[in-house]
1. I'd like the residue in the range 41-77 that is surrounded by 17 or more Cβ atoms within 10 Å (Cβ to Cβ) and aliphatic (A, V, I, L, M) and, out of all such residues, is farthest from Ser200 (Cα to Cα).
2. Could you identify the single residue in Thr190, Thr203, Thr214 that is in a strand (DSSP E or B), in contact (Cβ under 8 Å) with a residue 60 or more places away in the chain, surrounded by 16 or more Cβ atoms within 10 Å (Cβ to Cβ) and of a type outside the set (Phe, Trp, Tyr)?
3. Which count do you get for residues in the range 268-300 that are loosely packed, with under 15 Cβ neighbours inside 10 Å and closer than 19 Å to Phe217 by Cβ?
4. Here is a check on your reading of the model: is Gly303 out of contact with any His (no Cβ under 7 Å at 6 or more places or on another chain), without any contact (Cβ under 8 Å) to a residue 24 or more places away in the chain and surrounded by fewer than 16 Cβ atoms within 10 Å (Cβ to Cβ)?
5. Filter the range 5-24 down to the residues that are in contact (Cβ under 8 Å) with a residue 24 or more places away in the chain and part of a loop (DSSP other than H, G, I, E, B), then identify the one that is surrounded by the most Cβ atoms within 10 Å (Cβ to Cβ).
6. Do you know which residues across the range 306-319 are farther than 15 Å from Thr287 by Cα and in contact (Cβ under 8 Å) with a residue 24 or more places away in the chain?
7. Looking at Val229, Val197 in this structure, which one is of a type in the set (A, V, I, L, M, F, W, C) and farther than 22 Å from Gly41 by Cα?
8. What is the residue count in the range 227-243 for residues that are buried (at least 17 other Cβ atoms within 10 Å of the Cβ) and of a type in the set (A, V, I, L, M, F, W, C)?
Amino acid sequence: MGDLASVASTFWELFVLRPSGQGWTLVTPPGVADNGGLVMGPTSAATFVVGFEASQLLGFSPLALSRDAGRDWSAGVLPVDLAEEPDALAVSAKGGVLALVRPGQGSVLSGNTGLSSWHALVGPRALADSGGAAGCTPSALTAVAYSPDGDPLVGSACTSHGRVGIFEDESGTWQSVGPSVSAARSGDTTEVLRLDVAGSRTTALVAVRSSGTTALFLESQKSIGSPWVASVGERVPSGGKISATGTTPAGGDVVCLSGPGGAHAIVAEPGAPAWSTLPTLPPRTATVALGPDGRVDALAVSGSTMTDYELMAHPPAWTRVRTVTVPIDYHSSS
């Protein structure tokens, strides 16, 4: 939010939709400039860690932990910069925390919800040298998560064909556990854009890039060791780009696409063969959120105003339901 034409006057904000029916509530952790962006790693609807992307020559990433859906916060720090990836933080039910950091700074660090003590876990070179990267030559690490049984998971971009880059730390040994890429879907590169675990299910949003085109696939594994099931590919329109991504309560993904033809969003759920397309998004939509009761919201921003549009079913159309004014101090980051 803010003045998006200026990095110093752009501010990221965190909203929570509470079950009280009061709409979206602003819960951005206080005290730290968030011009670089925010990353969130949840363990439940109430407990999550938020990381601040480095900006304004800041050489580390402040962190904040909430156990009550953003009402109260405790502070921590990551001594290096968080990577600019949506799943750069992961929190386990047992209190472990994984942090994906920028290249050259250790790649993945491991800590706990004390948010003060960290150690290097793995980087792309170590994965490639481990022998567990068969079918994938990891060029960069792109996402972190915890497997259903609590082991660290890492997603990557791959420069070789054969397998999507998902790796699991099994008792200190990294193994490739990602799905195979069939000949019909093989491209020049694959990249895990999102890596999420909901209950026993693991899902990955995967981009396959070939000859200047990008196709998106949702890969889903119902439980550990079960086969991966892929959606059909959804091609990113020529001249278009991915402007935002999110997850669904069932473990799927929503992707906002912008391009010459306007902005729209697509949704893929685990086990569903094809992506579904939502109605054309309202102007200035920053992201789309799907709630557990079937609610779908498009959050649009203009300066210090956030407008919430809810998708009504019959007929399918966006309806403005609430406007939130956010107090923004445009000089606070300088």
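1. Ala54
2. Thr203
3. Adding up the residues that qualify gives 5.
4. On the way: out of contact with any His (no Cβ under 7 Å at 6 or more places or on another chain): yes; without any contact (Cβ under 8 Å) to a residue 24 or more places away in the chain: no; surrounded by fewer than 16 Cβ atoms within 10 Å (Cβ to Cβ): yes.
Here the answer is no, as Gly303 does not meet what is asked.
5. So, considering only residues that are in contact (Cβ under 8 Å) with a residue 24 or more places away in the chain and part of a loop (DSSP other than H, G, I, E, B), the one surrounded by the most Cβ atoms within 10 Å (Cβ to Cβ) is Phe11.
6. Pro316, Ala317
7. Going through Val229, Val197 in turn, the sole match is Val229.
8. Count: 3.
The values are calculated or read from the model by the stated rules, or taken from the named source; none is laboratory data. Predicted, not measured: the structure shown is a model, and the values here were computed from it. Methodologically, a virtual Cβ is constructed for each residue, glycine included, from the backbone with ideal geometry; neighbour enumeration extends over all protein chains shown.
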